[in-house]
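Inspection log for the structure reproduced underneath, given as structure tokens.
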């Protein structure tokens, strides 16, 4: 008689086992949503590629592409974005305005050129006196341009009366405006600056990296809420970022294929891409020192109109990146000492 008891109870046990397996499967297949704000530039490619790797880290990354980095800040405040990739300047301006974000990594270096119109006769920064120069407001390009103008003693304003007239235009309009000769020069991001050069309507004047800022570093940021309340999700997001970046560094053909075909729908050539990434290599790292120098220069030149510039130590959180690199066995560099910002030789008019 005892032998028949397990047989009588087995359907219930089987049902319980199936329920447990179903719950386990659902748990394993559940994906945590991270809403990502991004921009359409060649050096933002690894961040965009995170969508492809997200399931491996039990994430679902929804990407939303914005026209400019500063446009992402209102979406973060509205609770529509959890993480974003943008110029560090835009992140600093946002933090100064109360946007609840933390810098958690860097993802690309450089990425800008000062390009003059073909046949313009402009051969040096000093030749920009009396000229019109286009730039997008609120990005690394603006800060780099103003720092370079100051380094040669030129004044600037978006109104007449100064040495250089600065015209603030969207990234997408700068090339067309230079080609139509409505501006004499531009400080432009990649791959658009490389396109202007390769299409022969622009000539590189310089890569503007000889100011105290050096090469600008683009910032990966996440919301304070994601960092504090969904820390496990934030850590997996950083793991995904590091793996995507490593893949693009280790597999340049994969990176080019994704950027050219997926991001730009074959609107840029291989030459454009190679030139762009040559001037804006992918990276993981950013430092407190770099963020602070960038903040100091923004305050110095009036970029971002910050009433209370944030201190880097209050909102740069690199612990998630350090842990992600450790888990993926990527060397963690030592922090570089800060370079003090030099006084401006000229101020905005």
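Assorted remarks:
- Residues that are in contact with a helix residue (DSSP H, G or I) (Cβ under 9 Å, 6 or more places away or on another chain), surrounded by 24 or more Cβ atoms within 10 Å (Cβ to Cβ) and over 11 Å from residue 164 (Cβ atoms) within the stretch 135-148 comprise 136, 138, 139, 140, 141, 143, listed in sequence order.
- Test for residue 133: is it within 28 Å of residue 194 (Cβ to Cβ) and either in contact with a strand residue (DSSP E or B) (Cβ under 6 Å, 6 or more places away or on another chain) or not assigned by TED's automatic domain parsing to the domain that holds residue 307 (or both): yes
- Unique match (being closer than 30 Å to residue 307 by Cβ and in contact with a helix residue (DSSP H, G or I) (Cβ under 8 Å, 6 or more places away or on another chain)) among 78, 87, 42: 87
- Members of the stretch 205-222 that are surrounded by fewer than 21 Cβ atoms within 10 Å (Cβ to Cβ) and assigned to a strand (DSSP E or B): 206
- Remark: residue 271 matches the filter, which requires a residue to be over 16 Å from the mean Cα position of the chain (by Cα), more than 30 Å from residue 93 (Cα to Cα), part of a helix (DSSP H, G or I) and at pLDDT below 95.
- Meets criteria (without any contact (Cβ under 8 Å) to a residue 24 or more places away in the chain and assigned by TED's automatic domain parsing to the domain that holds residue 39) for residue 250: yes
- Of the candidates 229, 256, 224, the single residue that is at pLDDT 95 or above and farther than 28 Å from residue 70 by Cβ is 256.
- Selection of first residues in the stretch 167-184 that are not assigned by TED's automatic domain parsing to the domain that holds residue 134 and of second residues that are outside any loop (DSSP other than H, G, I, E, B), restricted to Cβ pairs under 7 Å at least 6 apart or on distinct chains, gives an empty result.
- Among residues of the stretch 66-84, those that are within 15 Å of residue 139 (Cα to Cα) and in a helix (DSSP H, G or I), counted: 5
- In summary, strands (runs of 3 or more DSSP E) completely within the stretch 85-136 and bearing 3 or more residues that are at pLDDT 95 or above and over 16 Å from residue 182 (Cα atoms) occur at 101-109.
- Residues satisfying the stated conditions in the stretch 298-328, i.e. over 20 Å from residue 57 (Cα atoms), touching a residue at least 24 places away in the same chain (Cβ under 8 Å) and in a helix (DSSP H, G or I): 298, 300, 301, 312, 313, 315
- Being at pLDDT below 95, in the same structural domain as residue 286 (by TED's automatic domain parsing) and either part of a helix (DSSP H, G or I) or surrounded by fewer than 24 Cβ atoms within 10 Å (Cβ to Cβ) (or both) is not true of residue 11.
The values are calculated or read from the model by the stated rules, or taken from the named source; none is laboratory data. Everything numeric here is computed off the predicted structure, so don't read it as measured data. We place every Cβ from the backbone using ideal geometry, glycine too, and count neighbours over all the protein chains shown.
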